[in-house]
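For reference, the structure is listed below as structure tokens.
The values are calculated or read from the model by the stated rules, or taken from the named source; none is laboratory data. Note that the coordinates shown come from a computational prediction; the quantities given were computed from them, not determined experimentally. We place every Cβ from the backbone using ideal geometry, glycine too, and count neighbours over all the protein chains shown. The area values use the complete protein model at the heavy-atom level, side chains included, leaving out ligands, DNA and RNA. Shrake-Rupley method; radii C 1.70, N 1.55, O 1.52, S 1.80 Å.
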Amino acid sequence: MKSPLLSLPGAVPAEGRDEGVAAHYGDLFREQRALADGTGLVDLSHRGVVTVTGSDRLAWLHLLITQHVSELAPGEATEALILTSHGHIEHALYLVDDGETVWMHVEPGTQGDLIAYLDSMKFFYRVEVADRTEDFAVVHLPAGSIAEVPEGVVVREAPHGRDLFLPRADLETYAAENGPVAGILAYEALRVEAHRPRLGFETDHRTIPHELGLIGTAVHLQKGCYRGQETVARVQNLGKPPRRLVFLHLDGSDVILPGHGTPVRLAADGAEGRQLGFITTSARHHELGPIALALVKRNVAVDAELLAGDTAAAQETVVEP
């Protein structure tokens with residue numbers, strides 16, 4: 001889905017997973033500062049939008065996902081995961097129920113696989129799953145925003161801001177009336193600062209929720225069975241995850257940020273030392289400078305100086321070892 005906001009002055013298209021929206025509109029730090037101040041909006045119209053309707057929708061979803069949603073109140077935002085049978089993260093869902101329909105947005109391009117899985121699990125439940133990506137665009141309003149929400153638009157309100165499920169036909173008009181529009185790079189920089197993991201960036205084929213600090217936010221420990229629950233319970237009660245998420249302050253003298261997958265090593269071992277992890281997301285922050293999230297082995301000392309590729313990095317603990 002290519003956003004019409006790419007036609008705005010200064011828009012530079014994003015690449016990779018965020019293709020279809022703008023990376024920035026000519027001034028990355030100005031856009032970040034606006035979002036941090038609670039003004040403007042972010043075009044997330046490339047994200048998938050999925051709905052679940054029917055009288056059994058909450059009870060049915062409760063059986064499939066990691067979050068407790070059987071009694072989810074209308075308007076209450078939550079997030080959840082779908083795990084593999086081995087407890088690895090497969091989908092990340094950002095949900096809200098409007099009293100008749102569960103609305104969720106997901107990573108771009110993942111809605112097809114998600115819907116196929118959900119449809120395969122319908123059995124005798126009275127539910128209907130639909131892909132609404134062509135009809136609705138996700139728009140993010142930062143925390144503190146006083147922008148008005150059009151009547152009838154479903155809103156998912158979280159601590160870091162509000163996600164609107166806006167009719168796609170209204171996107172240009174709404175952006176013109178409630179801008180300035182910030183690009184995805186500004187949104188990502190603030191996400192990294194807040195230590196919020198993202199599917200496909202902070203996750204790989206073997207990531208479990210404990211490694212990212214998602215227990216209690218996306219995983220409810222006091223609910224019934226779901227696929228992958230045995231792994232969650234075993235790690236929670238008997239062990240520790242093999243890796244942990246860390247936040248990194250990167251050396252600001254390097255021009256190029258270390259990209260996703262860049263090896264992380266102990267600084268004392270040098271650039272040829274044993275790899276202990278990898279960069280998941282890096283960003284340039286308007287106050288903190290170059291920053292990143294990384295997954296490292298659990299036993300890496302919390303005060304160890306690290307190297308991300310050739311870039312010196314000081315770590316802050318996100319997930320305790």
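Counting only heavy atoms of protein chains, what accessible area per residue, in Å², does the chain have with a probe of 1.4 Å?
I get 45 Å² per residue for the chain.
Using the C-alpha atoms of segment 120-182, what convex hull volume per residue, in cubic angstrom, is computed?
130
Can you give the extra length, in nm with one decimal, that the chain gains between Asp98 and Ala271 once fully stretched, where that is 0.36 nm per residue apart less the Cα-Cα distance?
Here the answer is 57.1 nm.
Between the DSSP loop rule and a limit of at most 11 other Cβ atoms within 10 Å, which trypsin sites (Lys or Arg not before Pro) in segment 217-321 are left?
Passing sites in segment 217-321 are Arg274.
Going by Cα centres, segment 229-271 and segment 177-195 are how many Å apart?
23
Computed from these coordinates, which is percent of Cα pairs over 26 Å apart: [x] 49; [y] 58; [z] 44?
It is the one labelled [x].
With all protein chains present, calculate the accessible area of Thr203 using a 1.4 Å probe and round the result to the nearest 10 Å².
20
Evaluate the relative contact order of segment 1-118 (contact order divided by residue number), counting alpha-carbon pairs under 8 angstrom at least 6 apart; express in whole percent.
Over segment 1-118, the number comes to 21 percent.
Under the definition of Cα pairs under 8 Å and six or more residues apart, what whole-number percent is the relative contact order of the chain? List each step's numbers first, then the result.
Working: 721 pairs, mean separation 59.8, N = 321.
Relative contact order here is 19 percent.
With θ set to phi - 60°, apply the Karplus curve 6.51 cos²θ - 1.76 cosθ + 1.60 along segment 310-317 and write out the HN-Hα couplings as whole Hz, x wherever there is a Gly or Pro.
9, 9, 5, 9, 9, 9, 10, 6
If the chain between Ala312 and Ala158 were fully stretched, how many nm would it gain, using 0.36 nm times the residue separation less the Cα-Cα distance? Provide the component values of the computation, followed by the final result.
Working: separation 154, 0.36 × 154 = 55.44 nm, distance 3.37 nm.
In short, 52.1 nm is gained.
If the only charges are +1 at each Lys and Arg Cβ and -1 at each Asp and Glu Cβ, what is the size of the charge dipole of segment 256-321 around the Cα centre, to the nearest 20 debye?
240
At a Cα cut-off below 13 Å, give the aspartates and glutamates reachable from Lys122, other chains included and same-chain residues fewer than 8 away excluded.
Partners within reach: Asp56.
Could you work out what % of the accessible surface of segment 35-170 is carbon and sulfur, using a 1.4 angstrom probe and leaving DNA, RNA and ligands out of the count?
On segment 35-170, the fraction of accessible area on carbon and sulfur atoms equals 49 percent.
Over the C-alpha atoms of segment 60-103, what are the Rg and the largest Cα-to-Cα span, Dmax, in Å?
Reported Rg and Dmax, both Å: 10.8, 33.
To the nearest 0.05, what FRET efficiency results for Glu76 and Val255 with a Förster distance of 41 Å applied to their C-beta separation?
About 0.40, to the nearest 0.05.
When Rg is the radius of gyration of the Cα atoms in segment 211-285 and Rh is its Kirkwood radius, what does Rg/Rh come to? Write down the numbers at each step before the final one.
On the way: Rg = 16.9 Å, Rh = 15.4 Å.
Result: Rg/Rh = 1.10.
For segment 262-303, count the residues as N, evaluate 2.2 N^0.38 Å, and divide the Cα radius of gyration by that value, please.
1.27
Please list, by residue number, every one of the GluC sites (Glu not before Pro) in segment 130-199 that is coil in DSSP and has at most 13 other beta-carbon atoms within 10 Å.
Glu134, Glu148, Glu151
So for the pair Ala59, Met121, with labels modelled 7 Å out along Cα→Cβ, what separation do we get in nm?
So the two model labels end up 1.7 nm from each other.
Tell me the GluC sites (Glu not before Pro) within segment 52-132 that lie in a loop according to DSSP and have at most 11 other beta-carbon atoms within 10 Å.
Qualifying residues, ordered by number: Glu71, Glu100.
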